[in-house]
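J.: This is the structure I have questions about; it appears just below.
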Amino acid sequence: MDARVPMEVRPLLYGFVRRLQEDWSGIVTGCYLYGSIALGEYVSGKSDVDFLAVTSRPLTSPETNRLARLHHDLTRDYACAAWLDGVYLPISDLGKTNREISPYPYCKRGILELSGYWDVNHVTWWLVKHRGIALIGSPPSQLPFTVTWEHVLTTMRENLVSYWAEKAATPHLLLSDEAVEFALCTMARILYTLQHRTIVSKQEALNAVDLAASPEWEKLRREAMRIRTGSGAPSLFATREERAEAVSRFLSRSIARSIHHVWQGGTDDETGIH
């Protein structure tokens, strides 16, 4: 198995692959890891085990019920199966986004949802194509779809002006340690991606992203690291409300900076982040 796959999850993945090969031969033609494992940053007890399973055709209702039993068995037999997140897509849907395809089975925290939509966008496809780990099937670089960097930028922009703009406007949703860590690490990765035109792990982005124009960033970065490492050290902020407001300001300024600099042709000095 690929060296990036942590020993902790290998028994689960061997069991998963064995069941797919024994019970789904000719139907499941490929299975790929992407996300934190593929980026070399799996954190035990925190990181998801993200996967894409490729099928030769859309699955029938009885087949999705069989898949649900498979995932039930995995969660019974392997503790870390609760961190499985993934999708089952027919090969004809590879490279497409949710708005272009019909609902599909997807796995969320180890439980199979029979039909719906999950994490399928151009960032997903870029990660699969360029960082993916093949468990079953051909190398991910040979999968029959194309994803360009312009596709990635489109997804990033949509994510910034919808999901993250809403988060920035609702600081009461940023009170918990989990919400703060997720917001800061994810936004750091978005900013790093826009600056360097590649996708890295959240930890790498948190360490490397250059935000000299934002005086609050260093304090927020250290707060995110404190939460992420579980050091037990006290918060750098006096109250959760104060911290939430700082995160909200950071998100708003980062969105403005990104839109101005990447999509409107501005320079860093013109972003209005002080």
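J.: Considering each residue of segment 26-47, count those that are of a type in the set (Gly, Ala, Ser) and either part of a strand (DSSP E or B) or more than 19 Å from Tyr78 (Cβ to Cβ) (or both), and give that number.
T.: Keep residues of segment 26-47 that are of a type in the set (Gly, Ala, Ser), which gives 26, 30, 35-36, 38, 40, 44-45, 47.
Add one more test, that the residue is either part of a strand (DSSP E or B) or more than 19 Å from Tyr78 (Cβ to Cβ) (or both), and what stays is 26, 30, 38, 40.
Residues meeting the conditions: 4.
J.: Given Trp83, Trp149, which one is on the phi < 0 side of the Ramachandran plot and under 15 Å from the mean Cα position of the chain (by Cα)?
T.: Values: Trp149 fails: under 15 Å from the mean Cα position of the chain (by Cα).
Matching residue, one of Trp83, Trp149: Trp83.
J.: On the phi < 0 side of the Ramachandran plot, assigned to a strand (DSSP E or B) and of a type in the set (D, E, K, R): which single residue out of Asp73, Asp50, Asp2 fits that description? I'd like the intermediate steps shown before the answer.
T.: On the way: Asp73 fails: assigned to a strand (DSSP E or B); Asp2 fails: assigned to a strand (DSSP E or B).
Answer to the check: Asp50.
J.: Let me ask you something else. Under 9 Å between Cβ atoms, which residue pairs at least 6 apart in sequence (or on different chains) link something in segment 97-120 that is charged (D, E, K, R) with a partner that is assigned to a loop (DSSP other than H, G, I, E, B) and modelled with pLDDT under 95?
T.: So the pair list comes out as Arg109/Asp48; Asp119/Gly35.
J.: Here is a further query. Only one of Glu63, Glu8 is among the charged types (D, E, K, R), modelled with pLDDT of 95 or more, part of a helix (DSSP H, G or I) and under 27 Å from Thr97 (Cβ atoms). Can you tell me which? First the steps, then the outcome.
T.: Details: Glu8 fails: under 27 Å from Thr97 (Cβ atoms).
Just a single option satisfies the conditions, and that option is Glu63.
J.: Could you check, for segment 37-45, whether at least one of its residues is out of contact with any helix residue (DSSP H, G or I) (no Cβ under 9 Å at 6 or more places or on another chain), in contact (Cβ under 8 Å) with a residue 40 or more places away in the chain, crowded, with 17+ Cβ neighbours inside 10 Å and assigned by TED's automatic domain parsing to the domain that holds Trp125?
T.: Residues of segment 37-45 out of contact with any helix residue (DSSP H, G or I) (no Cβ under 9 Å at 6 or more places or on another chain): none.
Among the residues of segment 37-45, not one is out of contact with any helix residue (DSSP H, G or I) (no Cβ under 9 Å at 6 or more places or on another chain), in contact (Cβ under 8 Å) with a residue 40 or more places away in the chain, crowded, with 17+ Cβ neighbours inside 10 Å and assigned by TED's automatic domain parsing to the domain that holds Trp125, which makes the answer no.
J.: Pairs under 7 Å by beta carbon, first residue farther than 12 Å from Arg66 by Cβ in segment 16-32, partner at pLDDT 95 or above and part of a helix (DSSP H, G or I), six or more apart or different chains?
T.: Listed pairs, sorted by first residue: Phe16/Leu74; Thr29/Ile91; Cys31/Val17; Cys31/Leu20; Tyr32/Val128; Tyr32/Pro140.
J.: In segment 71-85, which residue that is among the small types (Gly, Ala, Ser) and in contact with a Gly (Cβ under 9 Å, 6 or more places away or on another chain) is surrounded by the fewest Cβ atoms within 10 Å (Cβ to Cβ)?
T.: Just the residues of segment 71-85 that are among the small types (Gly, Ala, Ser), to begin with: 79, 81-82.
Filter again for in contact with a Gly (Cβ under 9 Å, 6 or more places away or on another chain), leaving 81-82.
Working: Ala81: 24, Ala82: 14.
The selected residue is Ala82.
Here's the yes/no breakdown for (1) over 27 Å from Ile227 (Cβ atoms); (2) at pLDDT below 95:
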position	(1), (2)
Tyr34	no, no
Ser44	no, yes
Ser47	no, yes
Asp50	no, no
Ser56	yes, no
Leu67	yes, no
His71	yes, no
Ala81	no, no
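J.: Within segment 92-106, is there a residue that is closer than 18 Å to Val9 by Cβ and surrounded by 15 or more Cβ atoms within 10 Å (Cβ to Cβ)? So that I can check it myself, show each step before the final result.
T.: Taking segment 92-106 and keeping what is closer than 18 Å to Val9 by Cβ, we get none.
No.
J.: Of all residues in segment 179-237 being of a type in the set (A, V, I, L, M) and over 29 Å from Thr154 (Cβ atoms), which is surrounded by the most Cβ atoms within 10 Å (Cβ to Cβ)?
T.: Ile227
J.: With the checklist (1) modelled with pLDDT of 95 or more; (2) assigned to a loop (DSSP other than H, G, I, E, B) in hand, flag the one item Val200 doesn't pass.
T.: (1)
J.: Of Ala244, Ala238, which residue is small (Gly, Ala, Ser), part of a helix (DSSP H, G or I) and at pLDDT 90 or above? First the steps, then the outcome.
T.: Working: Ala238 fails: part of a helix (DSSP H, G or I).
Answer to the check: Ala244.
J.: Name, by its number, the condition in (1) closer than 20 Å to Val200 by Cβ; (2) surrounded by 15 or more Cβ atoms within 10 Å (Cβ to Cβ) that does not hold for Pro58.
T.: The one condition Pro58 does not meet is (1).
J.: All but one of (1) buried (at least 16 other Cβ atoms within 10 Å of the Cβ); (2) under 16 Å from Leu52 (Cα atoms); (3) of a type in the set (A, V, I, L, M, F, W, C); (4) out of contact with any Lys or Arg (no Cβ under 8 Å at 6 or more places or on another chain) hold for Leu114; which doesn't?
T.: The number of the failed condition is (1).
J.: Something else now. Kindly indicate the residue of segment 162-197 that is of a type in the set (S, T, N, Q) and under 14 Å from Ser248 (Cα atoms) and also modelled with the lowest pLDDT among those meeting that condition. Before you say what the answer is, go through the steps one by one.
T.: So in segment 162-197, the residues of a type in the set (S, T, N, Q) come out as 162, 170, 176, 186, 193, 195.
Imposing the further condition that a residue be under 14 Å from Ser248 (Cα atoms) reduces the set to 170, 176, 186.
Working: Thr170: 96, Ser176: 97, Thr186: 93.
Within segment 162-197, the match that is modelled with the lowest pLDDT is Thr186.
J.: Then there is this: Look through Tyr78, Tyr34, Tyr42, Tyr104 and report the one residue that is more than 30 Å from Asp177 (Cβ to Cβ) and of a type in the set (Phe, Trp, Tyr). Talk me through it step by step, then tell me what you get.
T.: On the way: Tyr78 fails: more than 30 Å from Asp177 (Cβ to Cβ); Tyr34 fails: more than 30 Å from Asp177 (Cβ to Cβ); Tyr42 fails: more than 30 Å from Asp177 (Cβ to Cβ).
None of the other options fit; the residue is Tyr104.
The values are calculated or read from the model by the stated rules, or taken from the named source; none is laboratory data. Owing to the predicted nature of the structure, the values given are computational and were not obtained by experimental measurement. No Cβ is skipped: glycine too gets one built from the backbone with ideal geometry, and neighbour counts run over all protein chains shown.
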